[in-house]
């Protein structure tokens, strides 16, 4: 009897502050677009978009150990799918998301199959090749009618539905926020359960995992597919937010930014994706303000500095810091 | 009686003058303007694959610094906020929105790049923010009917392509043309102009079209392919680094076609010298400005002023790089528009003044060329002249073409 | 036929460019088991240093030697100061540090030297050899220099005790320490040598492609592909890989699919080879005990 009450009391004590934390976060997230300008709301929407893309990459590289230097290609695929559907077929913006998701899921899976043979550096090269290939493919003159070629495609920003009295920027923010919550919840369920354990097992001890009956090939290809799907959905949302797609926006530097963002946020974590998204949106601007002459040098210094301070990423750093604080509190109370 | 007849109209006249006097001194300010300052903004590729074009932004900044040192425009200092977009359209959208919504600039001046400017084209027109003197030669910027707030500056790429086509048809009617072009909007726009200019003969005259990406280290292979196609006229649509490679490689492998070089890359100092002056003899190009390394302009007052400006305000820049010449001229045009606005610095008046530029002469334009706009013609510069390189300088040939 | 030969030779010259940077990548991999993505930018920066020296009046070979020396020292310093703190961090964190270095060098070069292209002199005669117009003397010279560096590198790793110590330090740092090898300094030495090789690569490449801050960004991708194609632990493989990539890219572009997609097709082919031979053409397949 006593243990049950203490257990449930402990659970309540545990859930209480955590739940409060989530509620506070939700309130802040919903209030922000009304407190800041349209431009900042746009930036926050981009942070959310990139966090979805980075979550996809985290799944693949962080949880499953398959490095990808080419996720920008899936982002581009999702973006162009949305753009072409909206532009040529007048598909409503929200319907482009499932389409992008489906196409990228299949594309990712198909890429993951031959990639099964490749490991480490060689997989890095293969994904690098994918990332580098995307702009020329998008500019290929025989696809011009579909893709708009180098000129790109202009997209019309969606209006809030049901005549809601909010701006387009604010609507897009909330739309993206809902998608983020849904996708993050889905990822959490996947990664905290059997699937997640299988992925980590494949990453850390592939031979042992196989010996234990984990179907490594299927898991690895499926992970590629799901990871591509997440990044593809992000691409579609990004295209709608920016209202423009052009081939050279999706070059190899985008893929590298994704990797950088993932690592800085915390590559084997879900929350890390949001930190990473914030990093790649805001830090270049901060660097620009610090130095007009060589802003990317400052950005590079930031990268190196972050890796010195937080080699496991921001999330890992926060965990360590939280542990230290907890220990100090316990010490002082005992 | 007589006195009354004089006094009443006089009183009326004085009354009218007094009533309208406030309008004369009246100041109408748009966003970003105060009694002492005008804020304007732009996006430039200071990083990324197109970082070579960041030099334009540096030239713009240096020009306005000089203007400010001399008291500004109508007593107001010009504050140019130049942000890096890395030639990435999503970043351009972000930075432009920052300039318009956070920094409250009066107008966007001279942002560079076709995809980057395309990304904010609709936004700026919807927000009624002047998008002036866009630094690309795409044809779409001169469309006042659909985009009344956007204006280009330089002669369009397509126009230049057509001029070369006309010259080929006139002087080399049986030519076999080989084209090297950069695989993006800039290269394809030129190519379109060339093809349009050749008309029905395009299909038979163009024997080989080869493209390249800016990420490629060299284009030697493309030149080899062009030589192998038997072309005897070479239309060279490349940016400076690749133009230098193309000119040198063509010479080194013994291919001596009649070469037309696009005017983005005809700088003696930045392209022909690295390629080799003796290897560039005979190249035909077109221009609307004076080449900074051309000895024939050494004593030209406009050029002297430019060189002094470079020494003082852009000491790290390359004085023979024509990017600085173009940047200077663009900023000078902007200065003219701002000056013409007087104290009415609203966005509407800015566009009005920009659409009514009459016969503006700039120190660095070719003699005889003038900047002209009307409410239906949003191409400030529409004239070009052909020129031929003789190993030392660009010799102007023919007459000024275009409007 | 002559066009075909011309394409092949042109491919060999560009292949030599890729091979020389690939050698630097292999060097640093053999010494540290990391692929330094900043290698290209470091090479470009070294070349700018050489340019400054030449412009200050130094004769070519003196500037060349000084640049190689300065680059070597620079490499050592970078390893000891910047890489050392993250030596034990996860691989991807080290990759981010490399990317940071890449961006810093590129931005600094652009700031100091501007983006206008600069000519870089070649130590080889400029007139084509009589009758053989397919390849310039500089092209031949650059290939010879690459091969010479390759031989030196091979000899160093295979026949000198220092080279052996470096390979040991990279493969098994713990065991190497037990034998008395100062692993930290082996890593630094590896970085220094890679930087020196990169400097040579840059100075051979610049006369062909012209010196500007983005000179090496395109080359890095090809060098990476070449190094992996040949086998990341084989210097000879890297050089062969470089030549193959150069010629393949030219032939694919000229005869198969046109320039638009030649890079994509070339990479697809390389990845195809790697799927069949995952350790590269000349790499050693690692057999790990479970």
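Simple spin-label estimate for residue A:331 and residue B:361 gives 8.1 nm between the two label positions (7 Å along the Cα-to-Cβ direction from each Cα). Helix A:38-57 axis versus longest C-alpha principal axis of chain A: approximately 80°, rounded to the nearest ten.
Helix B:157-171 and the longest principal axis of the C-alpha atoms of chain B enclose an angle of approximately 50°. Ordering A:253-259, C:108-114, B:373-379 by mean Cβ neighbour count within 10 Å, with the highest value first, yields A:253-259, C:108-114, B:373-379.
Between C:201, C:43, C:168, the GNM of chain C built on Cα springs shorter than 10 angstrom shows C:168 fluctuating the most. Note on the protein assembly as shown: Cα-Cα pairs beyond 49 Å make up 27% of the total pair count.
Arranged from fewest to most other beta-carbon atoms within 10 Å of their beta carbon, C:249, C:87 become C:87, C:249. Residue order for B:139, A:223, B:239, fewest other beta carbons within 10 angstrom first, comes to B:139, B:239, A:223.
Between the C-alpha center of the stretch B:135-213 and that of the stretch A:40-102 there is a gap of 35 Å. Looking at the protein assembly as shown, the DSSP beta bridges with both ends there are about 35 percent antiparallel. Take every DSSP beta bridge whose two residues both sit in chain B; close to 30 percent of them are antiparallel. What would the Debye formula give as log10 I(q)/I(0) at q = 0.13, 0.18 Å⁻¹ for the alpha-carbon point model of the stretch C:166-284, no solvent? Debye curve over Cα of the stretch C:166-284, log10 I(q)/I(0) at q = 0.13, 0.18 Å⁻¹: -0.66, -1.04.
The label-point distance for residue B:348 and residue C:88, in a model that sets each label 7 Å from Cα toward Cβ, rounds to 7.0 nm. Averaged over peptide A:139-150, the number of partner chain Cβ atoms lying within 10 Å of each residue's Cβ comes to 3.
Taking other C-beta atoms within 10 Å as the exposure proxy, B:60, C:34, A:205, A:71 rank A:205, C:34, B:60, A:71 from fewest upward. Across the stretch A:211-248, no residue has a backbone nitrogen under 13 Å from the label position 7 Å along the beta-carbon direction of residue A:36. Placing pseudo-labels 7 Å out from each Cα toward the beta carbon at residue B:34 and residue A:321 gives an inter-label distance of 3.7 nm. The mean count of C-beta atoms from other chains within 10 Å of the C-beta of residues in C:207-216, rounded to a whole number, is 5. Computing FRET efficiency as 1/(1 + (r/R0)^6) for residue C:255 and residue B:70, where r is the C-beta to C-beta distance and R0 is 56 Å, gives about 0.40.
Across A:69, A:183, A:97, mean-square fluctuation computed from a Gaussian network of chain A (C-alpha pairs under 10 Å connected) peaks at A:183. Comparing C:94, C:268, C:205 in a Gaussian network model of chain C, where Cα atoms under 10 Å apart are tied by springs, the biggest mean-square fluctuation is seen for C:268. Rounded to the nearest 10 degrees, the inclination of helix B:240-252 to the longest alpha-carbon principal axis of chain B is 30 degrees.
All of the numbers you see were taken from the coordinates with simple rules; none came from a lab. No experiment lies behind these values; they were computed from the predicted model shown. When we count neighbours, we look across all protein chains shown, and the Cβ atoms used for this are built from the backbone with ideal geometry, even at glycine.
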